[in-house]
Every structure is written in C-alpha cells, then in structure tokens.
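Every read-out reported here was derived from the displayed coordinates using simple, explicitly stated rules and does not represent laboratory data. Just so we're clear, the structure is a prediction, and the values are computed from it rather than from any experiment. FYI the Cβ positions are ideal-geometry reconstructions off the backbone, even for glycines, and counts take in every protein chain you see.
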Amino acid sequence: MPVPSPVLYPPFNIVRLSHVEYAVTDLDASKAFYADLLGLQVTHEGNDRVYLRALEERGHHCIALVKSQTPAVNVLGFKLFDEPDLDKAAAFFEGRNLPVEWVERPFMGRTLRTRDPWGIPMEFYVKMDRLEPIHQHYKLYHGVRPLRIDHFNMFSSNVDEAVAFYNEMGFRTTEYTDDKETGRIWAAWMHRKGGVHDVAFTNGLGPRLHHTAFWVPNPLNIIDLLDIMSTTGYLDNIERGPGRHGISNAFFLYVLDPDGNRIEIYNSDYQTVDPDLEPIRWDLKDPQRQTLWGAPAPRSWFEEGSLFDGATPVESDLKSQPIIAP
C-alpha cells in the first residue's frame, strides 16, 4: 500500500506529542533512573507518583511515573492548538466509534481521553501548568542533559492501517520502509512538530510501545552517559548504540529503564516543516536504514516492547524481517 497523501487541513490541530505516563513497580528506582541518571528535572513528587520535565520544556511534565504492581504504559499525551480543537477531536473519535471521556488530570486543563483503533490509550489537552524556564540554569544540567521529549515509536500489527489513521489526524509521513514482496509498509515515521517524527510505527506484535525518545544537545552527551552507566551499575541497561540511523540521520542510543521500558537518546535529525516534503523510502533489506554505519540491531530491539494498559496485542501477518544481529 502506498503512503497516503498528507491531510493538510486535519479535523483538529495537534501541535506535538507531549508526555507519557508509565506505571512502574519501584518508584524510587525509576525516579533514580530518570532524574539522577538521565537528568530529567522533578517537578512534583508524591507518595505514589513523580512528575518530570526536560530542560527546555515549560510545560509541567513530559513523564509521569505512577507506582503500580504491574508495569505498563498508561497513556500517551498530545497537545492541541486551541480549546475548540478538543471538541473537534471528541467528535472525530466519536464518529469512529472510539471511546471518548473527559478526565481530570493533575497540572492539566480540560483533557480528552480516548484510544486509537488498536487500543493505544491517548489523551489530548490544550493547557498544562507553565513553569519558569530553566534552560539557562546550567547548574541543573547533568546525566545526558535531556532538552525535550521528541517522539514515540509503537509496534503495530498493521502499519499500513496505522499510517492511514494517523495521517487522517494530520500526521505527515517523512520516511518509511516497505517490503518489496508485498508492497506493504513495514515501518513509518510521522510528524506534527516539524522534526522527523512525533510518532512512528514498526511492524510486529502490537500495539506495544517500542520506545520514548529524548532530544539531547550533542552526541558527546551520549558518550558521557555511556561512561556513567557503565560505571554506576547500569551496564546491562545499555541495549543498542551509540550509532547513527540511516532513517532520520539521527545519532542515537537505546537504554532500558528499571521496568524494561526502552528509552532512546537522540539528536541531529532534520527539519520537515514544508507541507509538500516528499517522504523518503527505504528498502527493508537495506542495513543502512537501521544504522548508517551498517551494524544490524539486536534481536531484542525488534521483539521486546512495553504493554499499553487495557490493550491486547495481536500478531502481525506481515512476516518479512530486516537483517537482525545474531
């Protein structure tokens, strides 16, 4: 199936991805990972939850950690442009027989909770509490110096259908991988904010969250993080990298948090704001799509992911696979 033409005037206006909420089994260990190791800033802490933001962000949080008996991804959050977009979004999801609920969320204004057709829990909002800027408070910079949340990548059992649905919401495809034998899309990268992606979809058992990514100032921050992780008890949490992706051109590192959630540390992708920018196609068997320098990704990177609360993953019927490290 070809990549659909972009919807330049979508039914409601998504500005960008915003935040993720993880249910975690050890709140102290998760806080130590995200705040002490990676360098996110704690904005609120209670008995059962911790909120954090990255250094350039003015919104109250980009990650919420909630204590739980079972690890899960509770919700993915997206910011809308203006208040009328909330009601337009509600009408969009109701018109597709998807759940719509208005919920009270800490530090946020009116919030719409829903799910996509495969069960991924999503919430949309316009207002979040604003905090004072700290991007020039350099005494706070430590760990990998995360500047902002950048994107979500999800496993999907049918990437063609996922791309069609998110395209309808106004996400535009920047790059994609397809399978020559079937003509189907194997993976796709889609944006709202003008980078390579706010969301991406990878073929596999889905829906599951493949990773959440954070943008950092430069590749040397990633090297520093590797030195810190390898000497502070986090060596086994390093999964893949460092390296440079062919897709997106970004310098990357993948690490695992205490519950096994994959986090990408990421920089150096490119601008995509032109509405007529054509998507870049990659062949599934091209090893440089994974890593420009040619090294294949480990098997875990294609098989392991985080469960969404309330969603039941199903197997993909597209069995083609890229080159995988032994």
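Please state, as a whole number in µm²/s, the translational diffusion coefficient that the Stokes-Einstein equation yields for the stretch 36-134 at 20 °C and 1.002 mPa s, with Rh defined as the Kirkwood radius across alpha carbon pairs.
The estimated diffusion coefficient comes to 145 µm²/s.
Measuring from the lowest to the highest alpha carbon on each principal axis, how far does the chain reach, largest first, in angstroms?
Principal-axis extents of the chain (Cα, largest first): 51, 48, 39 Å.
Can you give the FRET efficiency to the nearest 0.05 for LYS139 and SER268, using r as the Cβ-Cβ distance and R₀ = 35 Å?
Taking R0 as 35 Å, the efficiency between LYS139 and SER268 is 0.85.
Longest segment of the chain with no GluC sites (Glu not before Pro) in a DSSP loop having at most 10 other Cβ atoms within 10 Å?
In the chain, the maximal stretch lacking such sites is 182-314.
Let's test the formula: R0 of 25 Å, r as the Cβ-Cβ distance of ASP48 and LYS319. What FRET efficiency results, to the nearest 0.05?
0.05
Principal axis lengths of the stretch 73-220 from Cα atoms, whole Å, largest first?
53, 41, 25
What does the helix-only formula give at 222 nm for the chain: each DSSP H stretch with n ≥ 4 adding -39500 (n - 2.57), the total divided by the residues, and the result rounded to the nearest 500 deg cm²/dmol?
That calculation yields -4000 deg cm²/dmol at 222 nm.
Could you point to the residue in THR231, SER268, PRO258 farthest towards the positive end of the stretch 217-268's charge dipole, with +1 and -1 charges on the Cβ of Lys/Arg and Asp/Glu respectively?
With unit charges placed on the Cβ atoms, the residue in question is SER268.
For the pairs LYS139/LYS193; LYS31/LYS67; LYS31/LYS79; LYS180/LYS285; LYS180/LYS319, note any where the Cα-Cα span goes beyond 18 Å.
LYS139/LYS193; LYS31/LYS79
With θ set to phi - 60°, apply the Karplus curve 6.51 cos²θ - 1.76 cosθ + 1.60 along the stretch 38-55 and write out the HN-Hα couplings as whole Hz, x wherever there is a Gly or Pro.
Working through the residues one at a time gives 6, x, 5, 9, 6, 10, 7, 9, x, 5, 10, 7, 9, 10, 9, 9, 8, 6 Hz.
Could I have the simple spin-label model distance between GLU161 and GLN288, label points 7 Å from Cα toward Cβ, reported in nm to one decimal?
The two pseudo-label positions are separated by 3.5 nm.
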